Amino acid sequence: MNADNPLPGERTAVITGAASRRGIGRATADRLGRDGWSIAILDLDDTAPRRTAAEIASNRSVASLGVAADVADEDSVEAAIAQVEARLPPIIGLVNAAGVSSPTEFLNVTTAEWDRVFDINMRGTFLVTRRVVPAMIAAGVGRIVTVSSVSAQRGGGTYSKVPYSASKAAVIGFTRALARELGPHGITVNSVAPGPIDTDIMGGTLTEERKAKMSADSMIGRVGTPEEVAALLAFLLGEDAGYITAATYDINGGLQVS
């Protein structure tokens, strides 16, 4: 247990990209609500975040807020986090789960496509993290976890290709450097690197044939579930993870051995 900087009883976790019903962010928001966190869901759509927040509030009996936000837009992030700060307990946790895939072959990648992937996967992580860190510093404790990918470690080889892999590799470097700066403030910064997970980010809902193909080289022999990733994320945001920072946790069924 992190005895020097215990997590406050009243605390909020911000989860980006958490309105997709079959996504890692949505599963994480539900898991953190189960663990007693107040929940702030940021996502692009105006309706889906509010609907998801209402479901979590009802199912988990916690305060929950859904806010429309473009994580790649500084003004949008500022407005969204200001709403969270005004309506929920102090922000102590952040899960950067918003992300987009990119299956385009390198020679066909346009500058616009490259920028789109980096804007959401990396710029968005930077903007949201920068905005919430002051509240964590004021509290003397915080937990930041960002979703990277096995693609960053393997150099692709799953579904997405160079832009996605490069942006998710940037997340790992961001995590390590930020952990060094924020450690003295009682804030841990980590990332997770999922392998193939049964979500819709890889070109839509996975068929059984695609699941089998994606898991053929793994030790477990199946794709993972959003709930399994959510359990890891929830642990890294929890009281018992206070001595873990600058780490990247693999959750890939043995597809990649780091």
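Since every read-out is calculated from the coordinates, none of them should be taken as a lab result. Just so we're clear, the structure is a prediction, and the values are computed from it rather than from any experiment. All Cβ positions, glycine included, derive from the backbone under ideal geometry; neighbour counts span all protein chains shown.
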Query raised in the report: Residue farthest toward the positive end of the dipole of the chain, with Cβ of Lys/Arg at +1 and Asp/Glu at -1: which of A177, V71, L236?
Result: L236
Report task. Quick one: which residues, 5 or more positions from G224 or on another chain, have an amide H under 5 Å from its amide H? H modelled 1.01 Å from N in the peptide plane, none for Pro or chain starts. Result -> I197, D198
Report task. Please list the non-local residues whose amide H lies under 5 Å from the amide H of G23, H modeled 1.01 Å from N, same-chain partners needing a gap of 5 or more. Result -> none
Report summary line: With N residues in the chain, Rg(alpha-carbon) / (2.2 N^0.38 Å) equals 0.95
Query raised in the report: Can you give the extra length, in nm with one decimal, that the chain gains between E227 and A112 once fully stretched, where that is 0.36 nm per residue apart less the Cα-Cα distance?
Result: 38.1 nm
Requested in this report: Go ahead and set up a Gaussian network model of the chain, Cα springs under 10 Å, then flag whichever of I81, I24, I41 fluctuates most.
Outcome: I81
Query raised in the report: Angle between the Cα long axis of helix 48-60 and the longest principal axis of the chain, 0 to 90 degrees, nearest 10?
Result: 60
Query raised in the report: Exposure proxy check: K161, K168 ranked by fewest other beta carbons within 10 Å?
Result: K161, K168
Query raised in the report: Under a 5 Å amide H to amide H cut-off, with H placed in plane at 1.01 Å, what residues pair with V100 once short-range neighbours are removed?
Result: N121
Report summary line: For region 12-251 the mean separation of alpha carbon contacts under 8 Å (6+ apart) over residue count, i.e. relative contact order in percent, is 19
Requested in this report: Please tell me the relative contact order of region 90-191 in percent, rounded to the nearest whole number, where contacts are Cα pairs under 8 Å and at least six residues apart.
Outcome: 35
Query raised in the report: Expressed as cubic angstrom per residue, what is the convex hull volume of the alpha carbon set of region 1-98?
Result: 95
